[in-house]
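Visitor: Got a structure for you, questions after.
The values are calculated or read from the model by the stated rules, or taken from the named source; none is laboratory data. Please read these numbers as outputs of a predicted model, since none were measured by experiment. All Cβ positions, even for glycine, are placed from backbone atoms using ideal geometry, and neighbour counts span all protein chains on display.
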Amino acid sequence: MNKKILLAGIDYIVDVSKPTGERINIEGFSDGRPFNCDDTYLVAINSYRGTGGGYHLTKGAGLSEEEISARLKSSTIKDLRYYLMKWIGEQGTVTPEALDNWTVVPTHWWEAAKVRDYELIFPKVSKALYKQTYFSR
């Protein structure tokens with residue numbers, strides 16, 4: 001199951017030491033407004049997630065495919081990549097910036113996982129070079 005969800009517009013903490021279903025703590029909107037878990041929000045997601053990809057809406061949120069379809073407010077035949085390419089073409093030059101709106105805790109857990117994952121992906125890169133390039137940011 002794909003567990004990668006990134007949210008723009010809200011600030012949140014992912015606590016990987018907590019049980020599934022309790023790991024996300026939304027601190028508020030990135031513009032300072034409070035986030036109320038009892039309110040209903042309109043959320044834009046890509047077609048993969050919107051149709052149940054990754055099982056976040058079905059297994060994670062417990063929604064049936066019928067409930068997912070009923071919640072759909074609008075849709076398009078074009079995917080997110082199309083609109084991103086169109087926007088980038090209109091802008092000419094785009095300089096992406098990190099939003100820094102989320103954190104993973106405990107820090108030592110993800111630091112260890114980052115090293116382990118890097119070694120799995122790039123086994124021929126020395127640890128010294130890895131620390132020099134990857135942690136110098």
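Visitor: Just to check your reading of the model, which residue among Arg71, Arg49 is surrounded by 10 or more Cβ atoms within 10 Å (Cβ to Cβ), touching a His at 6+ places or on another chain (Cβ under 8 Å) and not acidic (Asp, Glu)? Full working, then the answer.
Guide: Details: Arg71 fails: touching a His at 6+ places or on another chain (Cβ under 8 Å).
Answer to the selection: Arg49.
Visitor: Quick one: count up the residues across the stretch 25-43 that are exposed (fewer than 10 other Cβ atoms within 10 Å of the Cβ) and among the polar types (S, T, N, Q).
Guide: 1
Visitor: Taking Arg81, is it among the basic types (Lys, Arg), loosely packed, with under 11 Cβ neighbours inside 10 Å and either in a strand (DSSP E or B) or under 18 Å from the mean Cα position of the chain (by Cα) (or both)? Spell out how you get there, then give the answer.
Guide: Working: among the basic types (Lys, Arg): yes; loosely packed, with under 11 Cβ neighbours inside 10 Å: yes; either in a strand (DSSP E or B) or under 18 Å from the mean Cα position of the chain (by Cα) (or both): yes.
When the stated conditions are applied, Arg81 passes them.
Visitor: Looking at the stretch 33-56, I want the residues that are outside any loop (DSSP other than H, G, I, E, B) and have a partner that is among the charged types (D, E, K, R) and surrounded by 13 or more Cβ atoms within 10 Å (Cβ to Cβ) with Cβ atoms under 7 Å, at least 6 apart or on another chain. Which pairs are those?
Guide: His56/Arg49
Visitor: Here's something else I'd like to know. Please work out if Ile10 is surrounded by 11 or more Cβ atoms within 10 Å (Cβ to Cβ) and under 27 Å from His108 (Cβ atoms). It would help to see each step written out before you state the result.
Guide: Working: surrounded by 11 or more Cβ atoms within 10 Å (Cβ to Cβ): yes; under 27 Å from His108 (Cβ atoms): yes.
Considered against the rule, which asks whether it is surrounded by 11 or more Cβ atoms within 10 Å (Cβ to Cβ) and under 27 Å from His108 (Cβ atoms), Ile10 comes out as yes.
Visitor: What's the total number of residues in the stretch 9-32 that are without any contact (Cβ under 8 Å) to a residue 24 or more places away in the chain and polar (S, T, N, Q)?
Guide: So the answer is 2.
Visitor: If you don't mind, another one. State yes or no: is Arg116 in a helix (DSSP H, G or I) and assigned by TED's automatic domain parsing to the domain that holds Glu22? Can you show your working first?
Guide: Details: in a helix (DSSP H, G or I): yes; assigned by TED's automatic domain parsing to the domain that holds Glu22: no.
The answer is no for Arg116.
Visitor: Moving on to the next point. Just checking, how many residues over the stretch 84-102 are closer than 27 Å to Arg23 by Cβ, surrounded by 10 or more Cβ atoms within 10 Å (Cβ to Cβ) and among the aliphatic types (A, V, I, L, M)? Outline the logic, then answer.
Guide: Keep residues of the stretch 84-102 that are closer than 27 Å to Arg23 by Cβ, which gives 96-102.
Right, trim to surrounded by 10 or more Cβ atoms within 10 Å (Cβ to Cβ) and you get 99, 101-102.
Filter again for among the aliphatic types (A, V, I, L, M), leaving 99.
Adding up the residues that qualify gives 1.
Visitor: While we're here: Against the conditions (1) over 20 Å from the mean Cα position of the chain (by Cα); (2) surrounded by 10 or more Cβ atoms within 10 Å (Cβ to Cβ), where does Val105 fall short? Just the number, please.
Guide: (1)
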